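For reference, the structure is listed below as structure tokens.
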Amino acid sequence: MGDDRAERIAEFIEPLRVEPGSRVRLGEDFDPGYKAGIRKKEDGVELLRSGIELLADYQRRLAAQDTYGVLLCLQALDAGGKDGTIRHVMSGVNPQGVRVSGFKVPSDEELDHDYLWRYTRELPRRGEIGIFNRSHYEEVLVVRVHPENLRREKLPDAARGPDVWQRRYREINDWERYLSDNGFRVVKLFLNLSKEEQRIRFLKRIDVPERNWKFSSADVRERARWDDYQRAFSQMLSATSTEWAPWYVVPADHKWFARVCAAAVLAHTLIDIDPRYPEVSDAARRELAEVRRELEAEAPEGAAADPYAADAGAGERKREKKHKKHR
Ligand code: ATP
Ligand code: MG
């Protein structure tokens, strides 16, 4: 990776990062319509394309190295664009290396366990990128805005006092630290949508027949609690953006821009991990040479002993010639 490119990505995502220890007031600190000065959607799409290529390359190395894993947590208000972000950003990546998990209202079995249990079960393996479509952060968002959810969690009295949210922030920070200390990087994105853009997207779900299935009147009821959610998100972002797992607030009013940001944050994490293909030992290299000799000896009459090497050599010579011509 050219340091240039890595540096440009780091600069690009810096304004989205929630400084650990800072106090976030969503409405004032982050603009959902921000576009980093990129005027045309086409320019953004081009940027996304190169981001997707970069991710594909890094993901192959992450899988080959099999040492680190990445957990990408996506939170948003309804119609924030989580699904589309996942679909676009991961479109170039080998599906075998990615595991997407969505979290809905907890089941009876899940409610019979501690609140982090169901998230732990879906964690990525080493070499994988895990995506949480909604995440353990629901436990301090929807559960906080609707306290009846907390009652359903069957907690002992001592564990549901007024300090429950502060305690959960601490437990979540500790859990993420444990994960990152053990080779699993936690990346957290909040897709920050404006109230007006949400209104427009809900209307689109009503007006376009192919989108009717996405419309839910429950989502509109949640919209009435907008201010409560903004407050819960602000407090959560302030308390759980840490050095080991910072939050990024992604401006989400322009879908294409949100996707560019998500790809950039994920790319930044992978560049930082810098996964390498495993080194082949001298002994293994000798064995490869030995097997190659055996395979070459099996070539049928008239066939090249190693057509792949011959081809690769020709390709290399052709590229050199072209390069010279253009110099
Ligand atoms: P889509 O964007 O396609 O609508 P979704 O993620 O909103 O997908 P839904 O089935 O519509 O999926 O909604 C899931 C619901 O589950 C959300 O309203 C969310 O707040 C709720 N939920 C998630 N986790 C919890 C939890 N721990 N306790 C209570 N409710 C939860
Ligand atoms: Mg929904």
Fill in the blank from the handout: Calculated from DSSP helices alone, with each H run of at least 4 adding -39500 (n - 2.57) and the total divided by the residues of the chain, [θ]222 nm to the nearest 500 comes to -16000 deg cm²/dmol
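Where does each of 131-144, 278-291 land if you order them by average Cβ count within 10 Å, highest first?
Peptide ranking by packing, descending: 131-144, 278-291.
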Completion exercise
Protection proxy (average C-beta count within 10 Å per residue), highest first, orders 71-78, 174-181 as 71-78, 174-181
Problem - GNM result for the chain, Cα springs below 10 Å: residue of 273, 129, 200 fluctuating most strongly - result: 200
Practice task
Go ahead and set up a Gaussian network model of the chain, Cα springs under 10 Å, then flag whichever of 211, 170, 199 fluctuates most.
Solution key: 211
Exercise for the section: In nm, give the distance between the simple-model label positions of residue 288 and residue 122, each being 7 Å from the Cα along the Cα-to-Cβ direction. Expected result: 3.9 nm
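Using only the alpha carbons of region 124-163, what is the convex hull's orientation-averaged projected area in square nanometres? Display every interim value, and only then the final one.
On the way: hull surface 16.6 nm².
The directionally averaged projection comes out at 4.2 nm².
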Completion exercise
Scoring the chain by relative contact order with C-alpha pairs under 8 Å, at least six apart, yields a percentage of 32 percent
Fill in the blank from the handout: Over the chain, the quotient of the Cα radius of gyration and 2.2 N^0.38 Å is 1.21
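Just reorder 296, 109 by solvent-accessible area, largest first, 1.4 Å probe, all chains present.
Working: 296 65, 109 110 Å².
Largest accessible area first, the residues go 109, 296.
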Problem - Beta bridge orientation in the chain: antiparallel %, DSSP, nearest 5 - result: 5 percent
Practice task
Grab the Cα-Cα distance for residue 29 and residue 167, subtract it from 0.36 nm times how many residues apart they are, and report the gain in nm with one decimal.
Solution key: 47.1 nm
Practice task
Can you tell me the 0 to 90 degree angle between the C-alpha axis of helix 3-13 and the longest principal axis of the chain, rounded to 10?
Solution key: 10 degrees
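The values are calculated or read from the model by the stated rules, or taken from the named source; none is laboratory data. None of the values given here were measured: they were computed from a predicted structure. No Cβ is skipped: glycine too gets one built from the backbone with ideal geometry, and neighbour counts run over all protein chains shown. When the accessible area is computed, the model is the full protein with side chains, heavy atoms only, and any ligands, DNA or RNA have been set aside. Shrake-Rupley method; radii C 1.70, N 1.55, O 1.52, S 1.80 Å.
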